[in-house]
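What follows is one structure encoded as structure tokens, with my remarks underneath.
The values are calculated or read from the model by the stated rules, or taken from the named source; none is laboratory data. Worth saying up front: this structure is predicted, and the values here are computed from it rather than measured. Neighbour counts are summed over all protein chains in view; Cβ atoms, including those assigned to glycine, are modelled from backbone coordinates with ideal geometry.
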């Protein structure tokens, strides 16, 4: 067995500490799989006093110095955020070191720069742990399905929001109550903004779309809508249609008005038929449904977060990168040859569920139907619930552009006999009321 490969670990929190543990506990197996031992050269942390369990000689607060060391072969980054991490990883790549990262925010914002630096230096940039935790997802998209044409990727990629929506569905609780439970159980951060407002899922959607469609997609390209406005009434309306509500990341090939192939990438809550495979994904689990021309439908399911699951994905990348270095080769790099246009959300065709509190009087249904027709939006189903002051019209549309549907809803809200739009939500899948 040859000389050991030396690893610099940037960050040693919930995930990093599990990486250290697995490197120690599985040292023999990892060496056998790679062909040489894997050794920690150092661990960069901000507060050394919190890491008394690590050998004192490994701990440093000088991340830049650790990255620059000549005896480091691979840099593993679990700090998160944009800077100083971007600069650290660019320095590592420029110095001929391969990089393993779990940093979805950085990869979604500026992955192109990192990929270019890795290609220029002839080293690897792997990031399986950036999306869906322990679930092997990115490598199948990048390698296993490289000979196929992926048409759609739709998934639940944020465990916190899935837990909240699952509890609302199971108990009838409101959003605030379910969020409180998620926080108490440790599924939600003290500041849950990144999760509940969809930022986390949008970053992951950008990475998934880039891999699936061979196109550079950034987080700013992703239409994003969180779950804060989802109410118990919305959940009840979904149940009446035999649906559930999920925060979905949806990446799909589309066609523009001129017929050219494009990609649409969006994150938003949607009503999903309970017959859909994703509808039964509960608690804080993640699942991603992939549709491809030859392979058909594939589903990836598992724990999408947590120290040990995420560390498992990191170790998988680490073994792959280490094997490449032993062989003197480089793994699969970025594939962005297609360079498809990212379609604005207004041009994307969607379906809507609309619940309107209306005056119970003759001609209301005809006027509402006319408002949809004016925008070229056809109605699939319509029903009335209640009478008098409690009258509600519930409509589900056929597909139309999101702009047309939005204009219709705004017009309806201005009608004198419409008291309010009680629920407006997109619908995915085939719904039969």
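Summary of values
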read-out: Of all residues in segment 184-195 being touching a helix residue (DSSP H, G or I) at 6+ places or on another chain (Cβ under 9 Å) and surrounded by fewer than 24 Cβ atoms within 10 Å (Cβ to Cβ), the one that is nearest to residue 101 (Cα to Cα); value: 194
read-out: Among (1) modelled with pLDDT under 95; (2) under 16 Å from residue 103 (Cβ atoms), the one test that residue 50 misses; value: (2)
read-out: Residue match in segment 206-223 (condition: under 22 Å from residue 167 (Cα atoms) and either surrounded by fewer than 24 Cβ atoms within 10 Å (Cβ to Cβ) or at pLDDT 95 or above (or both)); value: no
read-out: Hits in segment 183-205 (condition: in a helix (DSSP H, G or I) and more than 19 Å from the chain's Cα centre (by Cα)); value: 183, 184
read-out: Of residues in segment 294-309 being in contact with a strand residue (DSSP E or B) (Cβ under 9 Å, 6 or more places away or on another chain) and either in the same structural domain as residue 124 (by TED's automatic domain parsing) or under 30 Å from residue 186 (Cα atoms) (or both), the one surrounded by the most Cβ atoms within 10 Å (Cβ to Cβ); value: 304
read-out: Candidates 380, 384, 361 - the one that is out of contact with any helix residue (DSSP H, G or I) (no Cβ under 9 Å at 6 or more places or on another chain) and assigned to a strand (DSSP E or B); value: 380
